[in-house]
Amino acid sequence: MIGIGISGFIASLALALLLTPLVKKFAFRVGAVDVPNARKVHSRIMPRLGGLAIYASFALVVLLLLNFIPNNLMMASNRNLIGALLTGGTLIILLGALDDRFDLNAKLKFLVQIGVACVVVFGFDIKMNIVNIPFGSAMQPLGEWIGIPLTIFWIVGVTNAINLIDGLDGLAAGVSAIAIASIMGMGIIMGNGTVVLLAIVLLGSILGFLVFNFHPAKIFMGDSGALFLGFSLAMLSMLGFKQITVLSFVTPLLIIGVPLSDTFFAIVRRWVNKKPLMKADKGHLHHCLQQLGFSHRKTVLVIYGIAAFFGGCAVLQSALTKTGFGNWVTFIVICVLVFLLQIGAELIGIVDKSRRPVINFFARRLMKPQTESRSK
């Protein structure tokens, strides 16, 4: 299985390197281009549709490798997982490609995404059915009345999360690659060969595309790439470990920590400033870092570092899950990350440049002893 995985990585990497320039030419030919405007950071017309190269290299290699995996090494449930990922991914890539060319209505895209999630749930019987209650002694079953809507919500939510951070050259692709690498590490720890195989093939596809997408980019992944990578992350982060635990969503949430936190702060920012929740703005993490003086490349590398930190926490939490300390580690990780996220958000002004409640609270606590000592 290891040899098959390495071969799959090399093949998908090579295919992505080969297909991306061809997709670039195709994007220009069909008019799937991104025109600069006041909200965007690029200054020239750029081809979209880069997601087609990622998807094609991934899907072709996976279908090829299936012929070399003995049936006794591939359970029926895992083949079902692969079928759901490829079928749903195909539908998502078609939606994204049409959006890259025709700029589809947001409500239409949302409805189609719900439809794709329903295909996964009802067509392939993929749904969350167990959950690990923190500090509990055993898995708890989830009834279909909550498992099905929860699965649909998860798939649609994560599918859109990657799209929100796709604002700088190489940002979404790099963050996705780090998340996929984290899933691969967790799959190795959990002994889930199918997830490791899918993750390593997808990682090769992303890295091959990233050669052309890193700053200065020659092609954008577009909605086709962002939606496909988001959908793939949703599926792998959920399905790969549901037979062990959903980890109360902590581990999957950590894997997509960067896009998830950016999405959360975007909602809070727009709500606080009384702006429409669906209206795009220039207050995302990468915008704030650039406003602080970071260059394009340094901004991307900083966010890579944050994503790697989240991914490392997810792998660590996953490794300790089987021990008696797993739940305590989860609790501590959540508390620390929530605190760091709040401090970081206040420092860079991702919600509001003038509101720093936590920093001001600690500043007052630190100033109080100094004031009292002076008064004496």
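The values are calculated or read from the model by the stated rules, or taken from the named source; none is laboratory data. Just so you know, these numbers come straight off a predicted model, no measurement behind them. Neighbour counts run over all protein chains shown; Cβ positions are idealised from the backbone, glycine included. Heads up: the accessible areas ignore ligands, DNA and RNA and are worked out on the full protein's heavy atoms, side chains in. Shrake-Rupley method; radii C 1.70, N 1.55, O 1.52, S 1.80 Å.
General observations
- Flag for Val211 being at pLDDT 95 or above, open to solvent by 10 Å² or more (accessible area, probe 1.4 Å), within 22 Å of Leu17 (Cα to Cα) and in a helix (DSSP H, G or I): yes
Yes/no per residue for (1) open to solvent by less than 10 Å² (accessible area, probe 1.4 Å); (2) at pLDDT 90 or above; (3) of a type outside the set (A, V, I, L, M, F, W, C); (4) under 10 Å from the mean Cα position of the chain (by Cα):
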position: Asn163; (1), (2), (3), (4): no, no, yes, yes
position: Asp166; (1), (2), (3), (4): no, no, yes, no
position: Ile180; (1), (2), (3), (4): yes, yes, no, yes
position: Gly191; (1), (2), (3), (4): no, no, yes, no
position: Leu197; (1), (2), (3), (4): no, yes, no, no
position: Ile200; (1), (2), (3), (4): no, yes, no, no
position: Ile206; (1), (2), (3), (4): yes, yes, no, no
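- A single member of Pro70, Pro21, Pro47, Pro36 is surrounded by fewer than 23 Cβ atoms within 10 Å (Cβ to Cβ) and modelled with pLDDT of 90 or more, and it is Pro21.
- Residue list for segment 224-263, filter: in a loop (DSSP other than H, G, I, E, B) and modelled with pLDDT of 60 or more: Ile256
- In segment 1-12, the residues that are over 18 Å from Gly208 (Cβ atoms) form Cβ pairs under 9 Å with partners that are open to solvent by less than 70 Å² (accessible area, probe 1.4 Å) and among the hydrophobic types (A, V, I, L, M, F, W, C), at six or more places apart or across chains, as follows: Met1/Ile69; Met1/Val196; Met1/Leu197; Ile2/Val196; Ile4/Leu65; Ile4/Ile69; Ile4/Leu197.
- Every pair of residues 6+ apart whose Cβ atoms lie under 9 Å, when the first sits in segment 249-277 and is open to solvent by 70 Å² or more (accessible area, probe 1.4 Å) while the second is modelled with pLDDT of 75 or more and assigned to a helix (DSSP H, G or I): Phe264/Leu341; Lys275/Arg269; Pro276/Arg270; Leu277/Ala266; Leu277/Ile267; Leu277/Arg270; Leu277/Trp271
- Here Val116 passes the criteria (1) more than 18 Å from the chain's Cα centre (by Cα); (2) farther than 23 Å from Phe220 by Cα; (3) not small (Gly, Ala, Ser) except the one numbered (1).
Each row is one residue, and each column tells you yes or no for (1) more than 29 Å from Met46 (Cα to Cα); (2) open to solvent by 50 Å² or more (accessible area, probe 1.4 Å); (3) modelled with pLDDT of 90 or more; (4) among the polar types (S, T, N, Q).
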site	(1), (2), (3), (4)
Ile82	yes, no, no, no
Leu91	no, yes, yes, no
Leu108	no, yes, yes, no
Val121	yes, no, yes, no
Gly136	yes, no, no, no
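- With respect to the conditions (1) modelled with pLDDT under 65; (2) open to solvent by 80 Å² or more (accessible area, probe 1.4 Å); (3) closer than 20 Å to Asn213 by Cβ, Leu60 falls short on a single one, namely (1).
- Condition met for Arg364 (part of a helix (DSSP H, G or I), of a type in the set (D, E, K, R), loosely packed, with under 11 Cβ neighbours inside 10 Å and at pLDDT 75 or above): yes
- Residue, surrounded by the most Cβ atoms within 10 Å (Cβ to Cβ), within segment 96-106, restricted to residues that are assigned to a helix (DSSP H, G or I) and more than 18 Å from the chain's Cα centre (by Cα): Asp100
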